[in-house]
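Encoded as structure tokens, the structure appears first; notes follow it.
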Amino acid sequence: MPLTPLDIHNKEFSKGFRGYDEDEVNEFLDQVIKDYELIIREKKEMEEKLKDLNDRLGHFNNIEETLNKSIVVAQEAAEEVKRNAQKEAKLILKEAEKNADRIVNESLSKARKIALEIEELKKQSKVFRTRFKMLIEAQLDLLNNDDWDHLLEYELDATELKSTNKEDTLA
């Protein structure tokens, strides 16, 4: 168990023939040195872990923000494609009514082409939706990862930090 400043302060050495037992004092000082080295090393490790965890949290926040923006852009693009398809279909119908059989045949040809494009867009939207769903599920898997549980396992008592800082200034 590591020494506390109170342990060091209250330590009394037994007196030998010529004063304190030199071996006992040296042994105690060696223990003090080892304990403080351990505390300093643990403090540095905790600071590094905290920095790493903060960096990871920032990274996940950036990913979340990017995903939210991507969802909005995808919705807007889908609505724009839908509006454009509707506008184009209306124009084709008006033109077909004005120009009789010749234009009706051309319009039918164009309508078939648009229908194929719409089918292709549907296929592409299904692929996009599937890929996007996989991306979101992958991100959810990252969020559900046990690494988040490790964040919650770290407990640090603020009084210990204050004691450690006082010990550093005393040394």
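The values are calculated or read from the model by the stated rules, or taken from the named source; none is laboratory data. Given the structure is predicted, the values throughout are model-derived calculations rather than measurements. All Cβ positions, glycine included, derive from the backbone under ideal geometry; neighbour counts span all protein chains shown. Heavy atoms of the whole protein, side chains included, go into the accessibility calculation; ligands, DNA and RNA do not. Shrake-Rupley method; radii C 1.70, N 1.55, O 1.52, S 1.80 Å.
Laid out as a table, the results:
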quantity: Total residues in segment 18-56, condition in contact (Cβ under 8 Å) with a residue 60 or more places away in the chain, within 20 Å of D141 (Cα to Cα) and open to solvent by less than 90 Å² (accessible area, probe 1.4 Å); calculated: 1
quantity: Top-ranked residue in segment 30-49 [being farther than 19 Å from K11 by Cα and among the hydrophobic types (A, V, I, L, M, F, W, C); ranked as modelled with the highest pLDDT]; calculated: M46
quantity: Selection status of R102, modelled with pLDDT of 90 or more, assigned to a helix (DSSP H, G or I) and of a type outside the set (A, V, I, L, M, F, W, C); calculated: no
quantity: First in segment 116-129 and within 16 Å of E76 (Cβ to Cβ), second anywhere and of a type in the set (V, I, T), Cβ under 7 Å, 6 or more apart; calculated: L121/V81
quantity: Of all residues making up segment 95-112, the number that are surrounded by 11 or more Cβ atoms within 10 Å (Cβ to Cβ) and under 55 Å from the mean Cα position of the chain (by Cα); calculated: 6
quantity: Residues of segment 61-89 satisfying the condition of being open to solvent by less than 90 Å² (accessible area, probe 1.4 Å), without any contact (Cβ under 8 Å) to a residue 24 or more places away in the chain and more than 24 Å from Q139 (Cβ to Cβ); calculated: E80, N84
quantity: Selected residue (criterion: modelled with the lowest pLDDT) from residues of segment 120-171 that are small (G, A, S) and surrounded by 12 or more Cβ atoms within 10 Å (Cβ to Cβ); calculated: S163
